[in-house]
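Worksheet for the structure shown next.
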Amino acid sequence: MNGSKAPQAFAEITGGNATFQSPGAAKSDTLIVPLGDDARAFVLRRAVWEARRLGEPIQLTTAGDHGEHRILVSPDGTIAPGGTGQDIDAFVEAVPEAAEGPGTASHSTRPTSRPSFVDAEPAPRRTGIPAALARLGIPVRPSNAQAQHDENVRATSRHWGGCRVVAVVNGKGGVGKTMTSAMLAAVFARNGGGGVLAWDNNDTRGTLGWRTEASHHDATVQDALAAAPRLLDTAAGAGDIAWYVHHQTQDRYDVLRSNPQLLAASQRIGQAEFDQLLQVAARYYRLVIFDSGNDESATRWLRMVDSAQQLVVPTLAAPESAESAALLLEALAGRDEHSAELAKGAVVVLTQAERGTNAEVQRIADAFAPLVRAVQVIPFDPALKSGPLRFDALRPATQRAWVAAGAAIAAGLQS
């Protein structure tokens, strides 16, 4: 990352004293440097903590006894020059193992040279040839693509305070809303350890239940709604929700089904009912992903948008589904301030539904790029076309693309 585009932090170090201004903070904090600790090492540790909190590198500008330095500090503790011609050796030379940067001596943010017995972060899991070589004692430096995938996995593994809501929307049917909801739920649950609910928010024969695994019961949204007061009671246990959702044993998320056998008139949900169900979901889950219906005037659809922190707009590489997605973004931009922010920060998931459509995929991706925060292309994969939706059934390239889509979405859930 270019240091000028990274979140900015500032520190002043005088003797054993230091102040630190976090990215976005209005004023500096006075740091209490432990006796015997080096103030520069202490400032670097604080900068690493801030980078991990934000989930991205930050640029640290320091001033004081040792002059001015600009340092790019990454969440994994590595540091690099943060400006043209910047020499960070003068800053870290007296800080034993303060950080580690490419082509420099090994440093760490710890004040002593003793190695830690506990890693700050688990090492990325290697598979295939790199894993086989590692078992033989031959380490392989990850490629740029592998390093990016590792970072995407870390991004989709994070937990946030409180429950986050993602709305998967497109007014046209058959554009991949159910597929997108299931695959994103699998990515976040598998990498983050569960706590993810995929909610079929559809009045008109939602198919999420058809393409996912059934539990030991046939409960639907209507059953969960009837049980909501009991599920919200202080005496309710964490396992009580299992009677109303369908757990995906391999992909680790739960599904709240609609009832495809009922007419829409028999399963409409009003505002108060939706809000109560969302209270239930927020109590038992850290992330809710809505598979929306096609009726953008339905109360449950509007309340879903009102409750969301992140919008995901799936589309196929076809003019009709792309146009429907663009029209929806335009409509939301004019609805209210919250909807406009969702539209501006949306992630478009563009699925290649057929082989040999690369040119059309690129054309549509380029057209959406200036309208939203991110566009992620999902390559053609026969496992997505029909039948059960299982992450392990996908090709490796498709799995990586879904993890990349999840990372783009995670970036919008941090606030």
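The values are calculated or read from the model by the stated rules, or taken from the named source; none is laboratory data. If you're wondering where the values come from, they're calculated on a predicted model, not measured in any experiment. When we count neighbours, we look across all protein chains shown, and the Cβ atoms used for this are built from the backbone with ideal geometry, even at glycine. Surface areas here come from the heavy atoms of the whole protein model, side chains and all, with no ligands, DNA or RNA. Shrake-Rupley method; radii C 1.70, N 1.55, O 1.52, S 1.80 Å.
Ordered by solvent-accessible area of protein heavy atoms (1.4 Å probe), largest first, the residues THR315, THR357 come out as THR357, THR315.
Tell me, rounded to the nearest percent, the portion of alpha carbon pairs in region 294-378 spaced more than 14 Å apart. Don't skip to the end; give the middle numbers.
Details: 2219 of 3570 pairs.
Pairs farther apart than 14 Å: 62 percent.
A straight Cα-to-Cα reach below 18 Å connects LYS385 with the lysines LYS172, LYS177, residues fewer than 8 places away in its own chain not being considered. For region 307-325, no residue has its backbone nitrogen under 11 Å from a point 7 Å from the Cα of ASP275, taken along Cα to Cβ.
Amide H to amide H, with H built 1.01 Å from N, GLN352 comes under 5 Å of ILE378, PHE380, counting only residues 5 or more places away or on other chains. Between GLU337 and ARG283, the simple label model (points 7 Å from Cα in the Cβ direction) yields a spacing of 3.2 nm.
What are the trypsin sites (Lys or Arg not before Pro) within region 300-397 that DSSP puts in a loop, where the Cβ has at most 13 other Cβ atoms within 10 Å?
Values: sites: ARG300, ARG303, ARG335, LYS344, ARG355, ARG363, ARG373, LYS385, ARG390; in loops: ARG335, ARG355, ARG373, LYS385, ARG390.
Counting only loop positions with at most 13 other Cβ atoms within 10 Å, the trypsin sites (Lys or Arg not before Pro) in region 300-397 are ARG355, LYS385.
Its convex hull of Cα atoms gives region 346-410 a direction-averaged projected area, equal to a quarter of the hull surface, of 4.5 nm².
Along region 152-163 the Karplus relation, 6.51 cos²θ - 1.76 cosθ + 1.60 evaluated at θ = phi - 60°, assigns HN-Hα couplings of 5, 4, 4, 4, 7, 8, 6, 10, 10, x, x, 8 Hz to successive residues, with x for each Gly and Pro.
Remark on LEU287: its backbone amide H falls under 5 Å from those of ARG164, LEU197, a criterion applied only to residues 5 or more positions apart or on other chains, H modelled at 1.01 Å from N.
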